Amino acid sequence: MALSLSSFIIIVMIGRAAAYEYCVGANAYWMPSAATAGDTGSVDVVLDSLQRIGARLVRTWAFNHNMPAAPGSYSESELRGLDYVVQGAERRGMRVILALGNFWAAYKGPEDWMAWARGGPGGANSSWTGDVVDFYRDPSVRQLYKDHVAFMLGRTNTLSGRTYSSDPTVYGFDVINEPRCPGCAPGDLAAHLDWLSDVTSFTRGLVKSGALVLAGTEGFFSPEASGHLLSENPGAGAGCEGEDVMQISQLGAVGAMTTHMYWRQMEQMAVLGWRKPTFDEFLPYLDRKLQLYNDLAAGMGKPLIVEEYGTTQRFFDEEQRKVTFAIVLSRLVQSKREGKGFVAALFWNAAQPGTASTDGYDVQVTKSPSGVTIGLGNAPPPPSSAGPAGAVSPQPPLSPSAQYRRLLLRAADDGALSLQDLPGSAGSSSPEGVARRLSQGVVTSSEDELDAFRRGPARAACANAAASDWSFIEPPQTVDVAAWRARVAPVDVVDIIAEAAALLAM
């Protein structure tokens, strides 16, 4: 679909010039699997809903349980499921970001590629460590992955007749989602960076359209490459993740800086008495980081894409989610108004009622926007009575229904209780274990925890060693939380998304 030139920003890239649209978007990783299972109705409902609220970009997985099932062997039904999603986005004037692989085990993780390489001639390399480092270091594993990239980009969509490499519907290819090397030694970090440099360059050479090649980074700074930015991390352990967003974003084939922004990334901090920041403490940090990333990307001559952001209802209520969306999208609107490089923000995760998810991030996008606006183009000024950095206003208590929903989500997610065993209310009668896990001051959720293969113990040792000496720059209270709460109170989250989309389309 042809896009209006008036809706584009021209950003000079390293070695070339390209046009990028300012847009709001959504993650919907589940869509290809749903289409494969025959549930194209859910895909259509959510795509229709996203179109109605003005979303122009959808990020989803271009890998699956049997995609591949083995090196060179792909499920045609899973491929056709992806075909359906991409062509469905095109029919609605939307574009897609396709993640080609995953650091995490879900669907298809590094351990699968390593197992296949072990089964090849000669078996496992004698120098293998048995963890994710081998995925980055071993040439045979890397070649298998590059073969997968080549297959997917060479795939001809059975509905559009175009290869993915030449399809203008594809906005970008993430070579992998969230590429970490936790607690890695300098030599292994060098292998990690070399892997990203090699695979992004390889992918760039296959792309025949204007699609970006992206690295799927989360936005961490490492002491080895960006020591002067360590205090901007969400905790000491973030410097141990083995990802340096500056170093990776500056790779020649990488077309944009990408970040994933969540409260769950925040860690216990000495300056806060070894607790995690509260929601009100997180908001000025979020606002500051959006501006910082925008400036850092601009210094590279590249755009900024916030590939993931959101708020889980395991720990926060719907009002807090709306405030989070308002802050992110108001900064996106401001970026367009000022001609800056923050060009897209994609929330996690677009869903419809009945979607089987327990992580608490699902946004029910099927609601029709009311047309009520909250002034995203004119954010509230910083509070005039702002206290010192780190000072927060008290948070209103949760309603019983919100407390109960949080309890349900958390207990189901942890598998601590069956739903039949849950109490009838979320009061003091809640089992101690569940109540303790619900404490946002200390909790980490299962998807944030690294197993041994993903070097969880090494990352923990690194983080513990760094924690006492690490200093956090507490941002000043630039966010008037009370004012934002008042603004978002009468609207739904789809209203906030729709308002941002309308402002970006002007």
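Things to note:
- In segment 23-45, of all residues being touching a Leu at 6+ places or on another chain (Cβ under 9 Å) and more than 17 Å from N157 (Cβ to Cβ), the one that is surrounded by the most Cβ atoms within 10 Å (Cβ to Cβ) corresponds to V24.
- All conditions but one from (1) in contact (Cβ under 8 Å) with a residue 40 or more places away in the chain; (2) farther than 19 Å from Y262 by Cβ apply to A225; the one that does not is (1).
- Within the option set N102, N66, being more than 30 Å from C23 (Cβ to Cβ), crowded, with 16+ Cβ neighbours inside 10 Å and either of a type outside the set (K, R) or touching a strand residue (DSSP E or B) at 6+ places or on another chain (Cβ under 6 Å) (or both) holds for one residue only, N66.
- Residue check for A105: part of a loop (DSSP other than H, G, I, E, B), under 24 Å from T203 (Cα atoms) and at pLDDT below 95: yes
- Some residue of segment 285-306 being of a type outside the set (A, V, I, L, M), under 30 Å from Q247 (Cα atoms) and touching a Leu at 6+ places or on another chain (Cβ under 6 Å): yes
- Some residue of segment 478-499 being touching a helix residue (DSSP H, G or I) at 6+ places or on another chain (Cβ under 6 Å), part of a loop (DSSP other than H, G, I, E, B), over 18 Å from Q320 (Cα atoms) and among the polar types (S, T, N, Q): no
- Condition check for G154: of a type outside the set (A, V, I, L, M, F, W, C) and modelled with pLDDT of 95 or more: yes
- Within segment 260-294, considering residues that are of a type outside the set (F, W, Y) and closer than 23 Å to L57 by Cα, the one surrounded by the fewest Cβ atoms within 10 Å (Cβ to Cβ): Q291
- Complete set of residues in segment 141-182 that are surrounded by fewer than 20 Cβ atoms within 10 Å (Cβ to Cβ), in a loop (DSSP other than H, G, I, E, B) and touching a Lys or Arg at 6+ places or on another chain (Cβ under 7 Å): T158
- Any hit, segment 204-222, residues being within 20 Å of P68 (Cα to Cα) and among the β-branched types (V, I, T): no
- For the condition at pLDDT 95 or above, small (G, A, S), farther than 21 Å from A69 by Cβ and surrounded by fewer than 18 Cβ atoms within 10 Å (Cβ to Cβ), S197 qualifies.
- Any helices (runs of 4 or more DSSP H) falling wholly within segment 212-319 and containing at least 2 residues that are out of contact with any Asp or Glu (no Cβ under 7 Å at 6 or more places or on another chain) and at pLDDT 95 or above: 245-249, 279-300
Residue-by-condition table, conditions (1) among the hydrophobic types (A, V, I, L, M, F, W, C); (2) more than 15 Å from the chain's Cα centre (by Cα); (3) surrounded by fewer than 21 Cβ atoms within 10 Å (Cβ to Cβ):
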{"position": "Y309", "(1), (2), (3)": "no, no, no"}
{"position": "A326", "(1), (2), (3)": "yes, yes, no"}
{"position": "L332", "(1), (2), (3)": "yes, yes, no"}
{"position": "A350", "(1), (2), (3)": "yes, no, no"}
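- Residue match in segment 368-377 (condition: surrounded by 16 or more Cβ atoms within 10 Å (Cβ to Cβ), within 24 Å of D44 (Cβ to Cβ), out of contact with any strand residue (DSSP E or B) (no Cβ under 7 Å at 6 or more places or on another chain) and touching a residue at least 12 places away in the same chain (Cβ under 8 Å)): yes
- For segment 56-68, the count of residues that are under 20 Å from A150 (Cα atoms), charged (D, E, K, R) and either modelled with pLDDT of 95 or more or more than 17 Å from the chain's Cα centre (by Cα) (or both) is at least one.
- Within the span defined as segment 1-17, every residue fails to be among the hydroxyl-bearing types (S, T, Y) and modelled with pLDDT of 65 or more.
The values are calculated or read from the model by the stated rules, or taken from the named source; none is laboratory data. Please read these numbers as outputs of a predicted model, since none were measured by experiment. Reconstructed Cβ throughout: ideal geometry from the backbone, glycine too, with neighbour counts over all protein chains shown.
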